[in-house]
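Before any comments, here is the structure.
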Amino acid sequence: MANEISLDFLAKKAVMSASRSSGVGGQNVNRRATKVQLHLKVADLPLNDDEKKKIRRKLNRHINENDELFAVCEEERTQLLNRRKAVEHLKALIDSALAVLPRRIPVQPSYSANIKRVEEKKMNGQLKQNRRQLEAEG
């Protein structure tokens, strides 16, 4: 990835909204808005057009109708910790979408692997043949 997006950039650019969490917190869950939702416009990311297209394609389930990438966190008991986790989640999403996977090199099964596979097929066929003979007798 050519451009490394920092957590500080995401924390500054993302729009945060908080609401009541359904998670842990005891009585605190009824009084505090600890659930955090972060929204970040894909157009605001410091990436080129190809990278933005890749993000839109790979993260389409994390992008709403306003072309905003979003992350939600309600795991922690405080809004601050949930915000940090949501920013980290947003960064992880972006990094995973832009990661270049190594090209897979197809290989042929070895000679011994083919022999083993054929032997297992023969044993399975023999087992079924034996069952068939037992059903005919019984």
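Each reported figure results from applying straightforward, stated rules to the coordinates on display, with no laboratory input. Predicted model, so just to flag it, every value in this text is computed and none were measured. Cβ sites come from the backbone with ideal geometry, for glycine too, and all protein chains shown count toward neighbours.
Charge dipole (Cα centre; +1 on Lys/Arg Cβ, -1 on Asp/Glu Cβ; no other charges) of the range 1-131 amounts to roughly 680 debye. The DSSP beta bridges internal to the range 7-98 are antiparallel in roughly 100% of cases. Panel order for ASP67, ASP8, ASP44, by other beta carbons found within 10 Å of each beta carbon, from fewest to most: ASP8, ASP67, ASP44. Shape index of the range 51-115: Rg/Rh, with Rg the Cα radius of gyration and Rh the Kirkwood radius from the inverse mean 1/r over Cα pairs, equals 1.29.
Rg over Rh of the chain, using C-alpha atoms and the Kirkwood radius, what does it come to? Numbers along the way, then the final one.
Values: Rg = 26.4 Å, Rh = 19.3 Å.
Computed over Cα atoms, the ratio is 1.36.
With neighbours defined as other Cβ atoms within 10 Å of a residue's Cβ, the residues GLU65, GLU88 order from fewest to most as GLU65, GLU88.
A crude spin-label estimate for the pair LEU81 and LYS54, with each label 7 Å from Cα along the Cβ direction, gives 3.5 nm.
Cβ crowding within 10 Å ranks MET123, MET16 as MET123, MET16, fewest other Cβ atoms first.
Here's the picture: charge each Lys and Arg Cβ at +1 and each Asp and Glu Cβ at -1 in the range 22-138, and of ILE94, ASN30, ASN82 the one pushed furthest to the positive end of that dipole is ILE94. Reducing the range 116-138 and the range 62-76 to their Cα centroids gives an inter-centroid distance of 55 Å. Can you give me the span-like helices of the chain, meaning DSSP H runs with 27 Å or more of Cα extent along the axis and Kyte-Doolittle mean at or above -1.0? Result, helices passing both filters: 79-98.
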